[in-house]
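> I'd like to ask some things about the structure below.
The values are calculated or read from the model by the stated rules, or taken from the named source; none is laboratory data. Keep in mind that this is a model prediction, so the values were computed, not measured. Here the Cβ is made from the backbone with ideal geometry for all residues, glycine too, and neighbour counts use every protein chain on show.
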Amino acid sequence: FVPGRPFLAKPLAPQASNGTGKEYNNPVAPDDAVGTNSAPEPGAPKASAPRPGAPKTMYDRLGGMEFFERLTDHFYDGVERDEVLRALYPEDLAEPKQNLCLFLAQYFGGPRAYNDRRGNPQLRARHLPFTIGNDERDRWLAHMTAAVHQLKVSPLDEAQILTYFRAAANHMVNSLGPER
């Protein structure tokens, strides 16, 4: 399951190379593909059309950009009070807030404004300059989880959102040294 993408009942046939000489089934590039929501390769099976009137994406179901703006605001409220995480961010949080909001909206099926503004998300590469260990991961995830809870989404939406956040947070860890 990839939020923002139709569910395909049959797996896609191998279509692309990941540079290792092996092919993979994912129509999105490996590793930094998180959130790119690129279209399936030509010839891939087409998903069935959504029911008339049914939300097309999780972005739509959650309420569009307003939901992601509120989620981002709640998350950064927590970051501002967290001395460990706050030290990782610039003094002015306006740009990181906007980047996170646009990325999440895009990842969950909204407009591709993040890609238009910043290019491929390359989440891990963009976070490598920062030391992110287990403590930072856990704090980030706690604030993001609290932000999701504040918005009172359905249990299914909450499970899907938090599953993505747990995977993304784990992927950002780049330091296994002693914690502070």
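> Look through the stretch 110-120, keep the residues that are part of a loop (DSSP other than H, G, I, E, B) and at pLDDT 80 or above, and return whichever of them is farthest from Met65 (Cα to Cα). If you could, list the steps in order and put the result at the bottom.
Pass one, the stretch 110-120, residues part of a loop (DSSP other than H, G, I, E, B): 110-112, 119-120.
Retained after the next criterion (residues that are at pLDDT 80 or above): 110-112.
Working: Gly110: 8, Pro111: 9, Arg112: 12 Å.
Only one residue fits best here, namely Arg112.
Okay, residues lined up against (1) buried (at least 21 other Cβ atoms within 10 Å of the Cβ); (2) modelled with pLDDT of 75 or more:
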{"residue": "Asn99", "(1), (2)": "no, yes"}
{"residue": "Phe108", "(1), (2)": "yes, yes"}
{"residue": "Gln122", "(1), (2)": "no, no"}
{"residue": "Pro129", "(1), (2)": "no, no"}
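> Take Tyr89 and tell me if it is in contact with a Leu (Cβ under 7 Å, 6 or more places away or on another chain) and farther than 13 Å from Ile161 by Cβ.
Values: in contact with a Leu (Cβ under 7 Å, 6 or more places away or on another chain): no; farther than 13 Å from Ile161 by Cβ: yes.
No, not satisfied.
> Can you find even one residue in the stretch 135-158 that is in contact with a Pro (Cβ under 7 Å, 6 or more places away or on another chain), in a helix (DSSP H, G or I) and not hydrophobic (A, V, I, L, M, F, W, C)?
If we filter the stretch 135-158 for residues that are in contact with a Pro (Cβ under 7 Å, 6 or more places away or on another chain), which is where we start, we get none.
No, the conditions are met nowhere in the stretch 135-158.
> Can you pull out the residues in the stretch 78-91 that are touching a residue at least 40 places away in the same chain (Cβ under 8 Å) and either β-branched (Val, Ile, Thr) or not in a loop (DSSP other than H, G, I, E, B) (or both)? Show your work before the answer.
Let us first name the residues in the stretch 78-91 that are touching a residue at least 40 places away in the same chain (Cβ under 8 Å), namely 78-79, 82, 84-85, 88.
Listed by number, the residues that qualify are Gly78, Val79, Val84, Leu85.
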